[in-house]
Amino acid sequence: MRALRFKSFGDPSVLELTEVAIPALAETMALVRVMAASINPSDVKNLAGAMKQTTLPRTPGRDFAGVVEAGPPEWLGAEVWGTGDAGFRRDGSHAEMIAVPLASLRRKPDNLSFDQAASVGVNYMAAWCGLQDAGLKPGETVLLIGAGGGVGSAAAQIARRLGARVIGAVRHAPHPDAPILGIAEKLIVGAEDLPAEVREATAGKGAEVVFDLVGGVMFRSAVNSLAVRGRLVEIAATGQREVSFDLLDFYRNESRLYGVDTLKRDLTASAEVLDILTPGFVAGDYRAPPISQICALAQAQEGYRKVAAGSSGRVVLRPQE
């Protein structure tokens, strides 16, 4: 079968399209023919050597949708989707086939195409895990800092389905053709004093949950936007890894801080999150992100470069083409 491989870390030029053996299956595994697989920013970082757990040589790729090629009779031919820790210590989805644990098999929602289903995984995983850890409740306000990205859009839709009020914060106004899904109440654009604008929008209270999708340079603003007993979720460290804040104010506000790393959830644990998310996609409350480019495996380097440059939509590989 054909697969993307990298033997050393670097820019997308280290990716090679090569022939490899079809994975041998243990009794606890299934073989999925990959119909679509998206390229995530974490896949690009993996290629660059930013993920310490990666062993080489490796086939990258976390998200996928496809058809079960080998496994238990009841699964043969089933259309499935998945996400998780593939592409780091185990070979990932940027190949014609991927071997996955039987326990991770989940049927793809019928109302999602293969391309759409392959674009959902990491973004919705991060969004769900962050909001779940923070314990977002109906009627609470969640502030999404960096709402314009894929995780921000997913978090907005999940929060609205949970019955929360959503405030988004972005540096630049979104393009009219690419609105931020799920945000209807308020979008703060280019705020010089974000905490002040958040308090103005919440009658002085602040947000019960702040989901900081930027981190680093926005950490202090995120902390200062919290309501009493507010919960702050961090998933990134843009611009700086070390941050400072007023510890006295933090504990007097009874604030809480959570970190979320989706790579701590393997394919099977991620499948359990997909179970929770599926009803939202079936109901139409959750929508797959827009797709900006579709590539064959032979065009993968171009796709990786587009993601590295900050693509506004998802880049999807079709390994069978």
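Can you tell me which of 6-18, 146-158, 246-258 comes out highest on packing, and rank the rest after it, using the mean Cβ neighbours within 10 Å?
For the peptides 6-18, 146-158, 246-258, the packing ranking is 146-158, 6-18, 246-258.
So what's the angle, to the nearest 10 degrees on a 0 to 90 scale, between helix 121-134 and the longest Cα principal axis of the chain?
Orientation of helix 121-134: about 40 degrees from the principal axis.
Apply the Debye scattering formula to segment 194-298, with a single equal point scatterer on each alpha-carbon and no solvent, then give log10 I(q)/I(0) at q = 0.15, 0.17, 0.20 Å⁻¹.
The calculated log intensity ratios at q = 0.15, 0.17, 0.20 Å⁻¹ are -0.85, -0.97, -1.08.
For the chain, report the convex hull volume of the alpha-carbon atoms normalised per residue, in Å³, without decimals.
Cα-based convex hull of the chain, divided per residue, equals 128 Å³.
Using 7 Å Cα-to-Cβ label points, what is the THR238/GLU321 separation (nm, one decimal)?
3.0
In square nanometres and to one decimal, what's the mean projected area of the convex hull around the Cα atoms of segment 123-262?
For the Cα atoms of segment 123-262, the hull's average projected area reads 7.6 nm².
Working from Cα positions, state the angle (0 to 90°, nearest 10) between the long axis of helix 150-161 and the longest principal axis of the chain.
Once rounded, the angle reads 70 degrees.
When only Cα pairs under 8 Å and 6 or more residues apart are kept, what is the percent relative contact order across segment 28-164?
Relative contact order for segment 28-164 comes out at 25 percent.
Which pairs, out of LYS137/LYS205; LYS137/LYS186; LYS137/LYS264; LYS45/LYS264; LYS7/LYS264, put more than 22 Å between their alpha-carbon atoms?
LYS137/LYS264; LYS7/LYS264
What translational diffusion coefficient, to the nearest whole µm²/s, does segment 1-90 have by Stokes-Einstein, given a Kirkwood radius computed over alpha-carbon pairs, a temperature of 25 °C and 0.890 mPa s viscosity?
This corresponds to a translational diffusion coefficient of 175 µm²/s.
Where q = 0.16 Å⁻¹, what log10 of I(q)/I(0) comes from the Debye formula for segment 11-151, counting one point per Cα?
-0.90
Rule-based calculations on the coordinates, nothing more; no lab input. Given the structure is predicted, the values throughout are model-derived calculations rather than measurements. Don't worry about glycine lacking a Cβ; one is built from the backbone with ideal geometry, like all the others, and counts go over all protein chains shown.
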